[in-house]
Structures are given as structure tokens and as C-alpha cells.
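First comes the structure, then the notes that go with it.
The values are calculated or read from the model by the stated rules, or taken from the named source; none is laboratory data. This structure is a prediction, so every number in the text was calculated from the model and none was measured. All Cβ positions, even for glycine, are placed from backbone atoms using ideal geometry, and neighbour counts span all protein chains on display. All accessible areas refer to the heavy atoms of the entire protein, side chains included, with ligands and DNA or RNA removed. Shrake-Rupley method; radii C 1.70, N 1.55, O 1.52, S 1.80 Å.
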Amino acid sequence: MVFSSVLFLSVFLPCFLACFYLSPQFLKKWIIVFFSILFYAWGAPVFIFFLLGSSVLDFFISKNFEASNPFRKLSLFASLFLNVGLLCYFKYVNFFVTNISTLGEYFSFNEIAFKEVLLPIGISFFTFQKISYAIDVFRGENKRLTSFLDYLLYIIMFPQLIAGPIVRYKDVHLQIKNFSSNNFDQKLQGLYRFIIGLSKKVFIANTFALIVSQINALGLENTSSAEAWLGALAYTFQIYFDFAGYSDMAIGLGLMIGFKFPENFNFPYLSKSISEFWKRWHITLGSWMRDYLYIPLGGNKVSTKRIYFNLVFVFFISGFWHGANWNFIVWGLFHGLFLVLERLFLSAALKKMPVLFQRFYTFFIVIIGWVFFSMDLETAFVFLKKMFAFSSLNLELSISVKSWSLMLFGILFSFIGFNKKTELFLNELPFRIANLNTSQTLVIFPVFLFLLSMATIWIMNSGFNPFIYYRF
Amino acid sequence: MFFIAIGVLFIPLVFQYSATNETLQPLNGVFEKTDTLQFSIPSWKNKKWQENRELLIKNNLKIKPLIVRIGHELDYRLFKEYHMADLLIGKDGYLFSKSWSNAKCCANNLNKDSLDIFIKKLATLATLLEKKGKYFKVIIPPSKEELYANKLPLLYTLDNENSDYTLLKKSLANNKIAYWDLLSYYKVIDDTARFPIYSKTSAHWTTYGAHFTLLKLLNDMSVFFNGDMPNLAVKSFKKEKFKGGDGDHEQTLNLINRIDNKDFLYPAYKIDSSKNKTFKPKVITIGDSFYWALKSCWMLPYIYKKDSKYLYYFSTVYYNNDYTKSHSIDSLNIVEEIESCNAVVIINSTHNLNGFPYGLEKKIDELILALK
């Protein structure tokens, strides 16, 4: 079940919110967990038992993390082995077996026969949260949760369960422990945030997705250079509004039920370097990688060569985390390479250039990166060849006025936070709107109500509602 | 405020359990139908049951017609965008069929050689029918795309000397077949008519527009049969908002408000079947959807013989006295039907000739042989 579906908006969400707000305080956590189980079981009916079972196991293992426990290291190892092992099995076993089999065939071995393993939805996200919990508690940064209900709440809370933001334990442990009705005063802000996210997804991401699908339908052979560029650009904006929209909805839902999740995006296409891009794009993944991978590898406190290796390694893992396919690995390494190049000389050179050029450079690299991200490796190289052949500038797509208007709005919105002041203003917008006086609210509220109604109308009217990050 | 918004989310559910099926005007056109899948552990495990539920909720919500109409209305009014495959928005709010516009200006569907072969045979058939005292006529009503070519988008206004319509006319004339090309006839009517003969928002002529051809055809037939046929005369005209096919494009757009708000004229007829006018001919009509407006006066059962038939695209058979049931052409002995009939009428509009003559070419040799 995705947030931008009729089932979620017209049945699940209203029923959940009604039960949540009408239930007494002591039941509210139960309500969240119950609905989260329903939410996950709807899309992954068998894996819900796996998720619940592994959570029970994890919770009991984590009891041994306390400093006085002689088995704490062993327990941490067991917890990491369990979670990383399950992630590797479900997400990567198909990839490894297929590649070994292909390699074997090259050396005249028989093809390996195996039954494809199905990927549980959101495994990449909840595994990272489980690891975050284990390491934070092991390090003593935060106390472990004594109630299994609280632990389950942290792991399977539905707003962030299947596509993030990746909430580190340190970000929410106090909110879970001190959960009370006082936390609900931001519910209107949450609602506004949810509607903004839904609008990003339905009006803008889906419009760009339509262009992408039209270009894909042309077939690689019939795609002109202009269409290839349009396709790459459309995907660049689609993935941003798709994922940022989903994150906004998740953050909004969190606020509605009293949780403040970390931000996930901050105008990433305004970045002046790739290293800045990763501070603005999927921020929670970047933070997770920094805290639980880059710093344990030595961070910046190692030799320069080792730093470069660490960067490339972290981005290799980041790419592989996104998907078990070579194109994701190349995408990760591609970004890692530019991070190293920036550290070597590019950053210094770029700083001498106008800001506009720095932004153009970053945006250009990011677009090329998305080509690898969006298609298999072989196709990606042919597609890039098409883009840079500049052979034909024909655009044979029929794009309606509505689509052009929405795309222009999307592009404008992506680049609107051009200075710190505007950026801050826009990031605080939902908060500011939620705290307007009564007469101002009477003006602004119908606008949001209109957006919510329109988004619902669009979803009901259209069968086209893809969601990229759902498959991770 | 927060709870008002949550209340808005509840509207579809409230509607589902409070609205009756008649509350909202149902949608026109063909829509995806979702059958209910019974719950079972395997269907739940493989997510088929959940997918079915999602589809059922999406497609069967009682509020859906209203939601769809609001969405379509906004798209149409704000962006001139519509959710219909074969549609073109022309000037001054005129709606056209894209494929018929294309057939008018740019695309050819008919093959000249095979058309000539068929029309030559049709000429032989026409001669044989006439020899046997049977009425035969080819009627070509103008499509809206031809009659209101000046309302088409610029791209479609080009003249095409090799259009299907031109090819057909030339071939009919070369083979001396009696045919009516009604384009100039309707141009004159259009100049003087105070009510739409072709609606701005339909694919076909209006009931009022078809009425002129109906009278023309019956008069011509009556003269052929020495005035023995029952006579159809207009009793009165009634002004109404469009009904039935007079706004078929518009109805399929599923909007909330009407695009064409004009009054339409609906004739009421009377039949003169006095003593000397009792001959009801058995008429076999072959044609396209322009026939439906002729039929919509509901008078043909009083004029044509009971077992007259309409062969829609020479594929589906409708009986003169019952249009609710249809039969396949395969169930009909076409040779027997033509042999026993008094009149054969072919009616096909100018730009709907894709597929013409729809399979008649396979039967025509057999018909000629039988009539010889």
C-alpha cells in the first residue's frame, strides 16, 4: 500500500486517524503498531511474520548490550549477523547466484538452478533502523527500550516503514519514551506537510513519470538525442519529487501522531558539489552511512589514501544498498569517484568558478548518475551514447499544456531555494503556515483542502501512479 | 481545522454507505470491470486478494463518477485536455473524431484498385436489382469533419484529392451507380437551419439533421414504389436539450457541465397508411452508425416490412421491429435476404470508410450469381 493510493487515502488513513485520536492515551501506541502491522501485511502478507519474528529476536538480543554484560560484543555480533545476514539473503542472493552462474557458464559449468528469493518490502529501510538501534544502544549513546511495544513502534511505525526516512534510534528514542498527547500540537503542520508531499508526488512526479514512460515506450533505437536528454531530465525530476514527496508525507504523518522524523531532502539540485549533494539528498541515508559505516572505518582521521578508499567503499555500499544490480553499484561508484576527485582537486577548481557553473556541474553529474540508476548497465551506456551523439533533435512526444505547466512548476520549485534565506523560509513553510493567525488560516486552509481533494481526484482518475523507492 | 481535513478524507467512505446507486449520474463509456475475488489463504499470500480489493475500492467507489467528472471538467476547462482516445478539439468548441479528421485530410484507408473492383461488381448488382424491380441507393452523408471543415484545427483543413471519400465518389460515378452525396444538400440546410443539424459535440448528425435524409429517402422510395408506401409526415417539433446520440462525444467526455447548451429539435411524426398506401417494403440497409439517427424516429417499423434488416458494418444484424437484440451476419442467409427484399440501401458517411465494404465484397459474387 502506498500513501498515494485510493485505499490509503480513503480507507486506511481516515480509519487509522479516527481510531488514533478517539482512543485513550494508553492505547495510542498499540493503535499505531496494530495499523502498522496491517499496513505491512497488506503488501507483504508472509513477510510480516518474518519482520515480527526477527524483531522479537533482536529485542531479546539487545538486552545483552548493557555495559556490564559479558556477552555484549557477542550479542552485537549476533544482532548484526542476523540483520545483515537476512538483508543479504533476501536482497542479494539472487544477484550473487545469477552472477556466479553466468561466470560458471563462461567456464563451461552448468547453469545453477535455484528458486528466486522474493524481496520483502522495505527490508533495506527497517534493517538499517534495527542496526542503528543495536549500535546506539551498544555504544551507550542511548538507553535500550525496555518495552517490546516501544521497540516494535520504532521498527515498524508505518509512516517510515517502507521507504524511510531512515530514522536513527538517537533521533527518536526520547520521543518514543516520552510519548504523550502533548506531542500532537503539530498535527496541523503534519497535515500540511502530508498534503505538500502528496501534491509533489501526484501532480509533479507522476507528470514527469509520464514523460519518462513515453520515452521508454519509444524504444532505444527510435529515441533521438533530444528525447534522450528530455528522458534523463524528466527522470531526474521524477525521482526527486517522487522520493521527496514520499518523505514529506512520512514526516507529515509522523507529526500527526506525535513524532518528529528527520528531514530527508533540502533542495538537492541546488548543490554546488557532489559532496554537498549528499548532504541535501536522502539526508537520512547519508547520516546513517556516516555514523555506522564511514566513521567506524576511520572517517577523516586516517591517511588521505584511506579516506579516498573509505569514500569509494561507502558509496559502493550505498549503491548496492539501493539495489542488487550492477547499475546501482556503478551509480554508487560514480558518485564516490566524484567525491574523491573533488577532494583531490575539483573542489578547489570549482570554487574559483561562478556559483551558477558549480551548480550546473553538480546537476550535470547527477543527471548522468540517474541514467545508471534508472536502467541496466548495458542500456545505460547506449542511452548515454544517444544523449551525447546530438544526432537528432526531434521531439515527437505529445506533451499537454497541463503537463508542461506542472513540469515547469516542478523545475522552478527544485531551484527556488537559491539562497540561504529562501531555503530556510521554504523549509519552515509548513511550520509557519500551521502557526498563522485565524484569519490567515481561513485563507490558507482551503488551499490545502483543495490540493488534498485534487490529489485524491487525480489518483482516482488515473491508473498511472508509479513509485520508484517502493522497490528498495 | 485538522479534523475538518480528516473529515474530508472520510467523504468517500460516508458516500459509500449512505448514497444510493441513483444518487450520481453514472459514467458513460467503457470502464474496467473488477470482479470480486473470494478470500483464501493462497490468494492472500500471493497478494492477489489485496490487489483485487484495491482495484475494487478504486473502481467501485460510489463517489467515483462524481470524482471522475470533476477531474475531467477541470482538465477540459483549464487545459482543453480530455480523456477520450479518438477526439479532437476544433475551433469554437467543436469536437471532432480524430480518425475521421485524419481520413479527411491526410490518411487513406481505401485501396483504389480493390475499391474499383468492388464498385464494378456493385454496379452489376445494382443493375440486377433494378431489373428485378428492387430499389437500390447508396447514400453518403457528410461527416461533421467534412461539413464543418472550417472548424477543424489547421492541420486537418488540408484538401486531399485522394481521400477515401473522393475515391468512393469517383468510383461510383465512373460505374454509373445511383448515389446521393449529401454534402452540398446539408450545406444548404445548415445555412438556413435554426437548430443544429450536426451537434457541436457529437460525432454524427442530430436526429433533426437525419430527419431530412429520412424524408428524402422515404419520398424517393415511395415514388419508386408508385406511391403505395405509407407516408411519413411531420406532426410537430419539440425543442429540447440534446438526448441520446446528439451529444455522443460530449457524453463520453464525462463532464459535469454541458459544452453545447443549445436547444435541439426533435420531430414527431404521423403516418398516413390509408387504403392505397399499404405496401410496406422489405428493406435491407447496410451501413455505419449514421443509420442510428434515422432509426431513432422509431417510425421505420410502421413503414418498412417487419422482417427488414439493418446490417451494421455488414457484421451485426438488427431486425426492423427490435433493435435491442442483435445477431451475427453469419446467422443470416444473405443471398436469400437480398432475393426476397424490395430495397437495398447502403449508407456510409464520407470519412468513415476504413474497412469499407466490411465484408460485402466476399458475398457480392454469390449475390450476383443468384440474381442472374
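Here are a few things to note about the model shown:
- Farthest toward positive dipole pole in the range B:246-319 [+1 Lys/Arg, -1 Asp/Glu at C-beta], among B:Ser296, B:Thr252, B:Asn276: B:Asn276
- Centre-to-centre, using Cα atoms only, the range A:372-429 and the range B:297-355 are separated by 56 Å.
- Per-residue average of Cβ from other chains inside 10 Å of A:4-10: 5
- Unit charges on C-beta of K, R, D, E only; dipole of the range A:46-162, Debye: 380
- As a fraction of the 1.4 Å probe accessible area of chain A, surface on carbon and sulfur atoms comes out at 68 percent.
- Whole-number accessible area per residue in Å² for the range B:110-371, which is evaluated in the context of all protein chains at 1.4 Å: 45
- Coupling constants for the range A:305-315 follow from the phi torsions by the Karplus curve (6.51 cos²θ - 1.76 cosθ + 1.60, θ = phi - 60°), and in residue order they are 4, 5, 4, 4, 4, 4, 4, 5, 5, 4, 6 Hz; glycine and proline get x.
- Shielded by partner chains, the range B:53-81 residues - at least 50 Å² of accessible area, 1.4 Å probe, vs chain alone: B:Glu54, B:Ile57, B:Lys58, B:Ile67, B:Phe79, B:Glu81
- Partner chain coverage, peptide B:9-16 - average Cβ within 10 angstrom: 5
- Dividing the Cα radius of gyration of the protein assembly as shown by its Kirkwood radius returns 1.09 for Rg/Rh.
- Take the Kirkwood radius over Cα pairs of the range A:292-347, plug it into Stokes-Einstein at 25 °C and 0.890 mPa s, and you get 216 µm²/s for translational diffusion.
- Chain A - percent relative contact order, Cα under 8 Å, separation 6 or more: 19
- Choice from B:Leu311, B:Leu37, B:Leu294 showing the highest fluctuation, given a GNM over chain B with Cα pairs closer than 10 Å: B:Leu37
- Cα shape, the range A:1-143, gyration tensor, a/c 1.5 rule: oblate
- Sulfur and carbon atoms: percent of accessible area, chain B [1.4 Å]: 53
- The dipole here belongs to the protein assembly as shown: it is taken about the Cα centre, uses +1 on the Cβ of Lys and Arg and -1 on the Cβ of Asp and Glu, and is about 1520 debye.
- Charge-dipole axis of the range B:318-372 as Lys and Arg at +1 and Asp and Glu at -1 on Cβ define it, positive-most pick from B:Leu371, B:Thr350, B:Tyr318: B:Thr350
- Largest GNM mean-square fluctuation across B:Asp220, B:Asp35, B:Asp164, computed for chain B with C-alpha springs under 10 Å, falls on B:Asp35.
- Figure legend: label point modelled 7 angstrom from the Cα of A:Ala217 along Cα→Cβ; residues of the range A:394-419 with amide N under 14 Å from it are A:396-400.
- Interface B:A - total buried accessible surface [probe 1.4 Å, Å², rounded to 100]: 3100
- If you run the Gaussian network model on chain B, springs between alpha carbon atoms under 10 Å, then out of B:Ser99, B:Ser222, B:Ser43 the most flexible one is B:Ser43.
- Mean separation of Cα contacts under 8 Å, 6 or more apart, over the residue count of chain B: relative contact order %: 19
- Net charge over other residues, Cβ less than 15 angstrom from the Cβ of A:Thr304 (K, R count +1; D, E count -1): +3
- Mean residue ellipticity at 222 nm, helices only, the protein assembly as shown: -17500 deg cm²/dmol; runs of at least 4 DSSP H residues each add -39,500 (n - 2.57), and the sum is divided by the number of residues.
- Rounded, prolate or oblate (a/c below 1.5 giving rounded, otherwise prolate when a/b exceeds b/c) for the range B:264-352 by Cα gyration tensor: oblate
- Taking every protein chain into account, the accessible area of chain A amounts to 43 square angstrom per residue (probe 1.4 Å).
- Taking a ≥ b ≥ c as the square roots of the eigenvalues of the Cα gyration tensor, the range A:327-426 is oblate, since a/c reaches 1.5 or more and a/b is not larger than b/c.
- Among the GluC sites (Glu not before Pro) within the range A:37-139, those in coil by DSSP and having at most 10 neighbouring Cβ atoms inside 10 Å are A:Glu111, A:Glu116.
- Other protein chain C-beta atoms within 10 Å of residue C-beta, averaged over A:394-404: 2.
- Modelled label reach - B:Asp116, point 7 Å along Cα→Cβ, the range B:333-372 residues with backbone N closer than 19 Å: B:356-357, B:361
- Too-long pairs where the Cα-Cα distance tops 30 Å, listed order kept, from A:Lys115/A:Lys385; A:Lys200/B:Lys62; A:Lys29/B:Lys45; B:Lys187/B:Lys270: A:Lys115/A:Lys385
- Only the Cβ atoms of Lys and Arg (+1) and of Asp and Glu (-1) were treated as charged; on that basis the dipole of chain B about its Cα centre amounts to roughly 700 debye.
- Short-range pairs are left out: with C-alpha atoms under 8 Å and at least six residues apart, the relative contact order of the range B:2-93 is 28 percent.
- Two tests apply to each whole DSSP H helix in chain B, Cα reach of 20 Å or more along its axis and mean Kyte-Doolittle hydropathy of at least 1.0, and the ones passing both are B:2-18.
- Packing, as the average of other Cβ atoms within 10 Å across residues, places the peptides B:12-18, A:172-178 in the order A:172-178, B:12-18, highest first.
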